[in-house]
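Report on the following structure.
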Amino acid sequence: MNLDFSDEDKKSVEPFIEDAKFDGKLAYKINDEIMDMDIYRYATEQFVQRNDAEVYIFAVKKEEEMIRVGFRSKQIDVSGIATHFGGGGHKLS
């Protein structure tokens, strides 16, 4: 990911990453504050790089009445979950 962020933007994702739950196989984060989607993408990428879970689930408020849920994995096909709920993506989404 080649998004250009200020140091302040990069620091703003640290609480997101540090507050995520991680049990060895599953990592998840629920964020009830509205988050810019570029920052969200950067934050999820950083979290996945720093942890060794099998599946990552992120729920982030995109707008006041809209929550974005994302699934990531380094090795398990999680696309079926997203497809079931009307989303898309690729195997390791």
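The values are calculated or read from the model by the stated rules, or taken from the named source; none is laboratory data. Predicted model only: the values in this text are computed from it and were never measured. For neighbour counting, all protein chains shown are included, and Cβ atoms are generated from backbone atoms with ideal geometry for every residue, glycine included. Protein only, heavy atoms only, side chains kept; ligands, DNA and RNA dropped before computing areas. Shrake-Rupley method; radii C 1.70, N 1.55, O 1.52, S 1.80 Å.
Details
- When segment 69-81 is limited to residues that are in contact (Cβ under 8 Å) with a residue 24 or more places away in the chain and in contact with a Phe, Trp or Tyr (Cβ under 7 Å, 6 or more places away or on another chain), the one that is least open to solvent (accessible area, probe 1.4 Å) turns out to be Gly70.
- Residue list for segment 48-59, filter: closer than 15 Å to Phe16 by Cβ and modelled with pLDDT of 90 or more: Tyr56, Ile57, Phe58, Ala59
- Test for Tyr42: is it open to solvent by 60 Å² or more (accessible area, probe 1.4 Å) and either farther than 22 Å from Lys74 by Cβ or not polar (S, T, N, Q) (or both): no
- Count - residues of segment 1-39 that are within 20 Å of Glu63 (Cβ to Cβ) and surrounded by 10 or more Cβ atoms within 10 Å (Cβ to Cβ): 13
- The combined condition, being of a type in the set (Lys, Arg), at pLDDT 85 or above and either in contact with a Pro (Cβ under 7 Å, 6 or more places away or on another chain) or not in a helix (DSSP H, G or I) (or both), is not fulfilled by Lys91.
- Checked against (1) among the charged types (D, E, K, R); (2) open to solvent by less than 60 Å² (accessible area, probe 1.4 Å); (3) under 10 Å from the mean Cα position of the chain (by Cα), Lys61 passes all but a single condition, namely (3).
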